[in-house]
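One structure is given here, and the rest of the page talks about it.
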Amino acid sequence: MHTHEKILKRMSSQLIWVVIVFIITTLVEGNRGIGEGCSPGDLRGLASFKDGIQIDTSGRLTNWVGHSCCKWEGIICDNTTGRVAEIRLPGFISTQEFLFQSQMKGRLSPSITLLTSLEVIDLGGLTGLAGNIPPEIGYRLPKLRKLYLYGNILTGAVPESIGKLSELEELALHENRLSGSLPPSLGRLRNLKVLHLYSNQFSGIIPGSFTNLTNLIHLDLHSNSLTGQIPDRIGQLQALKELDLSNNSLSGKIPQSLTNLTAISVLYLDTNHLEGAIQFPSSSGQMASLGFLRLQNNRLTGRIPLSFGYLESLKRVSLANNHLFGPVPSTLGNSLALTELYLDGNRLSGRIPKSISQLSGLIALSISHNLILGPLPQEMSSLQNLQMLDLSFNRLNLSTIPQWLAELPSLSRIFLAGCGIQGKIPAFLRTTPSPIQELDLSANHLTGSIPEWLGSLTQLYSLNLSKNSLVSTIPHSVTSLNDLGVLDLHSNKLTGTINQVFQIGHRFSDGSLTYIDLSDNSFSGGIEQISIGSQIGIQFLNISQNFLEGRLPISMGRLKSMKSLDLSYNKFGFNLPGALGNLSLLETLKLQKNHFSGNIPNGFLKLRKLKELDLSHNLLVGEIPLGKPLSDFPESAYSGNKGLCGKPLTPCKL
């Protein structure tokens, strides 16, 4: 063999060994990076993140020790590079046994951007996480695909650099305290599919650049302070299935291009200040996939267009609380997929069209607070799936409740307030096919007594018979209504005692009632013997303007959920129980026009959430306890008690 051939052979052997050594070294280093070590930048970034957290109720960060960060809980590394690719530390931790809401109290460290290979950051739902979104996030995390920082208490603006995250597919920053304008650079995120910025404090306009997000499927900006108009070219977002711009201050007309969103399935535009008439396509085929349309709580005017009926895929529609007028279009009967229709709070007139009866899948129908005329079309009796019907406060002048209405097989929530109903409460409500859960017959002309059979409505949750001319006593059968949560009988001519009310749900330790209004009747007797403490879930109690007397029971101090208590205009007397000071959630306390005597208890100083107080026109004496909140109320809260002195009244004489 020639000398040069030997040299080449030796060099080849050496080269092979070099390659082998390189491969082995790479594998060892790679394994060390994944299992034993951590990139210095990644380690510094994670350590800085941990240092910014003072409290971690999940205990996940306590195990972040050493240098093997790829083994830490919530950290996922790339198998090839060993770099940290994902941080997954969501607030909700789900296991087979339980769902746990964890907290991380502290500040989001800007050093998290040192992890330059990150593809996913999930810190959503960590309710104590404060700080700002790092301004340099767009420059340092070029691989980021998903960014979840929702449900925290982050403040400040969304940085302009976020528009450089060209790989970003999902951005969820909702339910924070972020403010400022929406950066136009967000419109450069061409891969973005989900953009959730709702429930923040953003102001300014919706940038026109958002219409460049042609891959966007979900856009949710509701509950901010956005102004200006909806971008004219929003119709370019052909992939959009859900659009929610509600609860803002948007103005102007709904863009014509919106009707070209052929893939959209959810549209929310409620609680804005939109002006002008709603415009929909004049023929079928457009907005063919629109399933959810919410335009309520705006300033929309004009008629509901006939073309509305061509939106064949509509399932849930709300045009409530606008300034719409004219008739309910008969073409609505063509929207056969409709399950929920809310037209309440407008100026709609005429009669309910018979075509409504074609909506066989309709579950909820609300046309309350309009100018609709009677009679109701008999054809509505074919709405076999209807569960909720609200026709309250129209010009129906029903005189009586149509019996076919009570025969609807699925109807369980009936709202017919202010419909001109006369006479006694009809007995056929006792035997409805579907047990009544909510019944509102208030502001009618009902007479007679509350029927004893009412106690047989065992699934009744809400009963409102207020503002009628009902007489006699509350029947004892109401004590059987163990599920009753709301009872409103105010402004009638009821007499007797109110003992039965506080016995509702007495078999259960916490009772069931949360709202009781028996005001403006002629109830008499005392309440000191009533087991009022058994209803510890009560939040609203109004028994004012009756003829009740005697002492207040000490057990009232057990009503820890109470937010509003009105006992005014009665004949209650004796000392105010200091136990009322235990009602730590109380916001309204009205005791005026009674015969209370003695001093105001010092315990009232514990009512830190009290916003409204009236102790006027009693027989109270002595010095008003000094301090908040008692000293902050006006003189009128204490006037008419000749023996009272001290701030805010005149100083007490020594």
The strands (runs of 3 or more DSSP E) lying entirely within the range 527-634 that contain at least 3 residues which are modelled with pLDDT of 95 or more and more than 15 Å from F502 (Cβ to Cβ) are 571-575, 588-590, 595-598, 612-614, 619-623
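Residue-by-condition table, conditions (1) farther than 21 Å from S179 by Cβ; (2) part of a loop (DSSP other than H, G, I, E, B); (3) in contact with a Leu (Cβ under 8 Å, 6 or more places away or on another chain):
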| site | (1), (2), (3) |
| --- | --- |
| N79 | yes, yes, no |
| I87 | yes, no, yes |
| P90 | yes, yes, yes |
| T127 | no, yes, no |
Take the residues of the range 470-493 that are part of a loop (DSSP other than H, G, I, E, B), polar (S, T, N, Q) and within 35 Å of the chain's Cα centre (by Cα): which is nearest to S561 (Cα to Cα)? N482
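Conditions tested, residue by residue: (1) touching a residue at least 24 places away in the same chain (Cβ under 8 Å); (2) farther than 25 Å from P327 by Cα; (3) part of a loop (DSSP other than H, G, I, E, B).
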| residue | (1), (2), (3) |
| --- | --- |
| S392 | yes, no, yes |
| C419 | yes, no, yes |
| Q422 | yes, yes, no |
| P433 | yes, yes, yes |
| L463 | yes, yes, no |
Among the residues of the range 598-644, write down those that are closer than 22 Å to G573 by Cβ, surrounded by fewer than 20 Cβ atoms within 10 Å (Cβ to Cβ), in contact with a helix residue (DSSP H, G or I) (Cβ under 7 Å, 6 or more places away or on another chain) and aliphatic (A, V, I, L, M). none
Enumerated strands (runs of 3 or more DSSP E) restricted to the range 131-190, each holding at least 3 residues that are over 18 Å from T113 (Cα atoms): 177-181
Pairs returned, first residue in the range 71-84 that is within 13 Å of L118 (Cβ to Cβ) and basic (K, R), second residue that is part of a loop (DSSP other than H, G, I, E, B) and modelled with pLDDT of 95 or more, beta-carbon separation under 7 angstrom, 6 or more apart or interchain, are R83/S117
If I ask for residues that are in contact with a helix residue (DSSP H, G or I) (Cβ under 8 Å, 6 or more places away or on another chain) and buried (at least 16 other Cβ atoms within 10 Å of the Cβ), which ones from the range 154-167 would you list? V158, P159, S161, I162, G163, K164, L165
Listed residues S410, S442; which is under 14 Å from L386 (Cβ atoms) and either in a loop (DSSP other than H, G, I, E, B) or among the acidic types (D, E) (or both)? S410
Residues in the range 635-650 that are closer than 16 Å to K590 by Cα and either outside any helix (DSSP H, G or I) or of a type in the set (A, V, I, L, M, F, W, C) (or both): how many? 5
For the subset of the range 307-337 comprising residues that are assigned to a helix (DSSP H, G or I) and modelled with pLDDT of 85 or more, which member is surrounded by the fewest Cβ atoms within 10 Å (Cβ to Cβ)? S330
Please tell me if G151 is farther than 22 Å from S179 by Cα, buried (at least 21 other Cβ atoms within 10 Å of the Cβ) and in contact (Cβ under 8 Å) with a residue 40 or more places away in the chain. no
Right, Y148: touching a His at 6+ places or on another chain (Cβ under 8 Å) and aromatic (F, W, Y) or not? no
Residue count, the range 206-223, condition surrounded by fewer than 16 Cβ atoms within 10 Å (Cβ to Cβ) and more than 14 Å from E242 (Cα to Cα), comes to 1
It is to be established whether one or more residues within the range 54-68 are at pLDDT below 95, among the polar types (S, T, N, Q), surrounded by 13 or more Cβ atoms within 10 Å (Cβ to Cβ) and farther than 18 Å from S39 by Cα. yes
Pairs returned, first residue in the range 618-642 that is at positive phi, second residue that is among the β-branched types (V, I, T) and at pLDDT 95 or above, beta-carbon separation under 9 angstrom, 6 or more apart or interchain, are G622/I600
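Each row is one residue, and each column tells you yes or no for (1) in contact with a strand residue (DSSP E or B) (Cβ under 8 Å, 6 or more places away or on another chain); (2) surrounded by fewer than 18 Cβ atoms within 10 Å (Cβ to Cβ); (3) aliphatic (A, V, I, L, M); (4) over 27 Å from L470 (Cα atoms).
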| position | (1), (2), (3), (4) |
| --- | --- |
| D344 | yes, no, no, yes |
| G361 | no, yes, no, yes |
| I414 | yes, no, yes, no |
| C419 | no, no, no, no |
Any residue that is under 30 Å from P433 (Cα atoms) and either assigned to a helix (DSSP H, G or I) or at pLDDT below 85 (or both) - is there at least one of those in the range 363-377? no
If you check G598 against the conditions, is it free of Cβ contacts under 8 Å to residues at least 40 places away in the same chain and under 20 Å from E528 (Cβ atoms)? yes
Taking E167 as the residue in question, decide whether it is more than 18 Å from N247 (Cβ to Cβ) and acidic (D, E). yes
Taking S561 as the residue in question, decide whether it is of a type outside the set (V, I, T) and either over 18 Å from L630 (Cβ atoms) or over 30 Å from the mean Cα position of the chain (by Cα) (or both). yes
Please go through (1) buried (at least 20 other Cβ atoms within 10 Å of the Cβ); (2) small (G, A, S); (3) over 19 Å from L610 (Cβ atoms) for S555 and return the number of the only condition it doesn't satisfy. (1)
Please state which of the following conditions V501 fails to meet, knowing it meets all the rest: (1) crowded, with 21+ Cβ neighbours inside 10 Å; (2) not in a helix (DSSP H, G or I). (2)
Quick check on I112: is it part of a helix (DSSP H, G or I), in contact with a helix residue (DSSP H, G or I) (Cβ under 6 Å, 6 or more places away or on another chain), without any contact (Cβ under 8 Å) to a residue 60 or more places away in the chain and among the aliphatic types (A, V, I, L, M)? no
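The values are calculated or read from the model by the stated rules, or taken from the named source; none is laboratory data. Note that the structure is a prediction, hence the values are computed from the model and not measured. Here Cβ is always computed from backbone atoms with ideal geometry, including for glycine, and neighbour counts include all displayed protein chains.
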